[in-house]
Structures are given as C-alpha cells and as structure tokens.
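So the structure is just underneath, and the comments pick up after that.
The values are calculated or read from the model by the stated rules, or taken from the named source; none is laboratory data. The structure presented is a predicted model; accordingly, all values stated were derived computationally and were not measured. Virtual Cβ from ideal backbone geometry, glycine too; neighbours counted across all protein chains shown. Ligands, DNA and RNA are excluded from the accessible area calculation, which covers all protein heavy atoms including side chains. Shrake-Rupley method; radii C 1.70, N 1.55, O 1.52, S 1.80 Å.
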Amino acid sequence: MAKGKTFSKPKALSDAHTHYCPGCTHGIIHRLVAEAIDDLGIRGRTVGVAPVGCAVLAYNYFNCDFQEAAHGRAPAMATGIKRVRPDLMVFTYQGDGDLASIGLGEIVHAANRGEKFTTIFVNNAIYGMTGGQMAPTTMPDQRTTTSPFGRKADEVGMPMRMAELLASLATPAYVTRQAVLRPKHINKARKAIKQAFTYQVASRCFTFVEVVSTCPTNWGMTPTDAIDWAEETLLPYYPLGEFKVPE
Amino acid sequence: MAYEHCIETERCKGCGLCVAVCPKNVLELATEVNTKGYFPAFRARPDDCIYCAICCNMCPDVAITIAASEDESA
C-alpha cells in the first residue's frame, strides 16, 4: 500500500462544534490559524481578538486567550494588547463587513503605524451574520439582500481590494492574499499564515493575510457551487499572492 | 503501517466538500441523518482510499482524521 498521511485536530483548536453553516470555509481558516499556533509553539502566549460577524464566537473554538472587540475595532484592541504586552502573540480575525466597512479606519491606521500583530481577513464578498447584505467587497452585479438587482458599480463603486490598499502604505508590512477554495489554495494559505506569525514572533512588522472565502448560505448556493463561483468570479478580481514583504 | 480513517458523524454537517475533492471518489453522503439533521459523509469505497488526507484538509469542521497504527493487517 502506498504511504499515506496522518491527520489530527490541532491542539489550539477546541473540541466545540462550530456554529458555522455547512460548507462555510471559516472552519478551514480557524484550523489553519490553530495549526500555525501549534507549529510555532506559541499557544500559551497567544491572544486572539474576535470581530463582530460570523466569527464573533471564535473564542469558543480556540484553546488560547481571546478578547471580543466592538464592531470593526479589533485592530485598535489588538494595538492596545500588543503595546502593553509585546511578548504576547496577538492576532485579529475579521470578516469583510467588520474590517473593510466599519473598521476601515482602524485597520488602515494600525497598518500605517506598523503595529506588530497579525490580521486574518476573511473575504467572502458579503455580510454573513447579519443576513447577506452588500459589503464593500461585494462583486459588481452580485445579488445581496441590499442589492437585489445586483451591485451597481456606478452607484456604489467597485469592490475594495484590501490587500492592495494596505500594501500601498509606505510602512513595512507583510501583506498577502490567499484562498481556501481548493486543497492547493489551502496549503498555500497555511504557509502564509505561518509566515505571518513567524514575522510577528520576530517583531518584524504588521502582518495581514486576506483569505478569499465562501458564504454558501447568503450566496444562495450549495457549498460546492459556492467554491466554483468563488473561483470563477472572485479570484480574477482578487488575485492571490504576496503584495508586500518586509525587507 | 496501517491507517485508520475516521469521520466523526456528529461533527459532520454534510456539506460535501470532502466528497468533491476526494481524488479516488471514496466518499459519499449518507442517506440517513445524524442527530443534528445533516447527512454525514462516509467512506462508500474504503478499499480505494489512499489516505492522502485531502478530505481532512478540506473539511471545515475537522470531522475527518487519519491515525496511524502499527497494525500490519491492513
């Protein structure tokens, strides 16, 4: 028999069953973060900051310290934690409604100040928890509950590319966009998240990992159709790769 | 070296992502529900399984694990 692989749940992930919808890729991203924490052996000194959004209950799913932030204010809270205790590993876990909309000021200024924490930005092009409203990252002509005839670019502009936006700042940072749509994307995303935490361990710079994700429920698709749609529609507009690496 | 492929039925939400990515078409969704009302995945053709762990990687709910044992019977 060919040599197989073993697989077990990372220790940084708790035993709790997640509340996410079937096929929601939040669970994959949670696992990748937990694997990075395990690999670097930093579970005892890691603090996560949960957002408002679908991941609002993320503190139930990690075996590390967690703090819940007000809507969009996770980077501000992470700044405080990291400045008071630079020895702690701090990461924020935010969705696109949280980070790109109400929390835009916080994330841009945290990145511009070069705060040495990690942001995991889950981009699924829609507001999930609140019921599928249009987000700043919603694609043109994408139907949502607040754009029932599709997003009109001439009325509300084009979707925001957060990784490119933050990469344009002059302050050194690690900015990358990954996806969790296919197994090959997942392997690359795992490396990127670990790289981000590695930079933080070395106190190098602000680190930002955008992850292109799916929302089958609010897109009105089956989980497998949502993956296909994301690959056909989101990936051409949100190219994957590293946009900025510290010198 | 033998491998033990385990799908935790109560964790599974029946999203079918593992079924879609399996390179050997081993997995299928069950026709009976678990206690949460989902149709969980199961190995319909376990003999074809190559233990590549791609299903484990794709599962959003960490419901699939593969353990290695020293048992030589497999």
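Solvent-accessible area of residue B:38, probe 1.4 Å, all protein chains present, reported in Å² to the nearest ten, please.
Rounded to the nearest 10, that gives 70 Å².
Full extension from residue A:84 to residue A:191: what is 0.36 nm times the residue separation minus their Cα-Cα distance, to one decimal in nm?
Working it through step by step, the gained length comes to 35.7 nm.
Using helices alone, I'd like the mean residue ellipticity at 222 nm for chain B: each DSSP H run of four-plus residues gives -39500 (n - 2.57), total over residue count, nearest 500.
-2500 deg cm²/dmol
What's the local net charge at residue B:41, with K and R +1, D and E -1, over the other residues with C-beta under 11 Å away?
So the surrounding residues net to 0.
Sort A:113-124, A:199-210, A:36-47 for me by packing, meaning the mean count of neighbouring Cβ atoms within 10 Å per residue, highest on top.
Per-residue mean Cβ counts within 10 Å order the peptides as A:113-124, A:199-210, A:36-47.
Quick check: pseudo-label points 7 Å beyond the Cα along Cα→Cβ at residue A:171 and residue B:28, how many nm apart are they?
So the two model labels end up 5.6 nm from each other.
Give the residue from A:105, A:41, A:86 lying farthest towards the positive end of the charge dipole for the protein assembly as shown; charges sit on Cβ (+1 for Lys and Arg, -1 for Asp and Glu) and the dipole is referred to the Cα centre.
So the residue furthest toward the plus end is A:86.
Just checking the output field for A:8-17: average partner chain Cβ neighbours within 10 Å of each residue's Cβ?
Taking all residues of A:8-17 together, the mean is 3.
Evaluate E = 1/(1 + (r/R0)^6) for residue B:69 and residue A:164, where r is the Cβ-Cβ distance and R0 equals 45 Å; express this FRET efficiency to the nearest 0.05.
Once the sixth-power term is evaluated, E becomes 0.40.
List every DSSP H helix in chain A whose Cα atoms extend 20 Å or more along the helix's own long axis and whose mean Kyte-Doolittle hydropathy is at least -0.5.
Helices passing the filter in chain A: A:26-40.
Please list, short to long, the whole-number percent of alpha-carbon pairs of chain B in consecutive 5 angstrom bins beginning at zero.
Computed distribution, short to long bins: 3, 18, 28, 24, 16, 8, 3, 0.
Roughly what % antiparallel, to the nearest 5, for the DSSP beta bridges in chain A?
Here the antiparallel bridges make up roughly 15 percent for chain A.
If Lys and Arg each add +1 and Asp and Glu each add -1, what is the summed charge of the other residues whose beta carbon sits under 12 Å from the beta carbon of residue A:102?
Overall, the nearby charge balance is -2.
With a 1.4 Å probe and all protein chains in place, put A:243, A:7 in order of accessible area, largest first.
The ranking, largest first, comes out as A:243, A:7.
By per-residue mean of other Cβ atoms within 10 Å, what is the highest-first order of A:93-100, B:46-53?
A:93-100, B:46-53
What average number of partner chain Cβ atoms lie no more than 10 Å from the Cβ of the residues making up A:21-29?
5
Let me confirm one metric for peptide B:44-51, namely the mean number of other chain beta-carbon atoms within 10 Å of its residues' beta-carbons.
Average per residue, whole number: 2.
Two-decimal Rg/Rh of chain A from alpha-carbon positions, Kirkwood Rh?
Looking at chain A, the ratio lands at 0.95.
Suppose accessible area is computed on protein heavy atoms with a 1.4 Å probe; arrange A:109, A:185 from highest to lowest.
From most exposed to least exposed: A:109, A:185.
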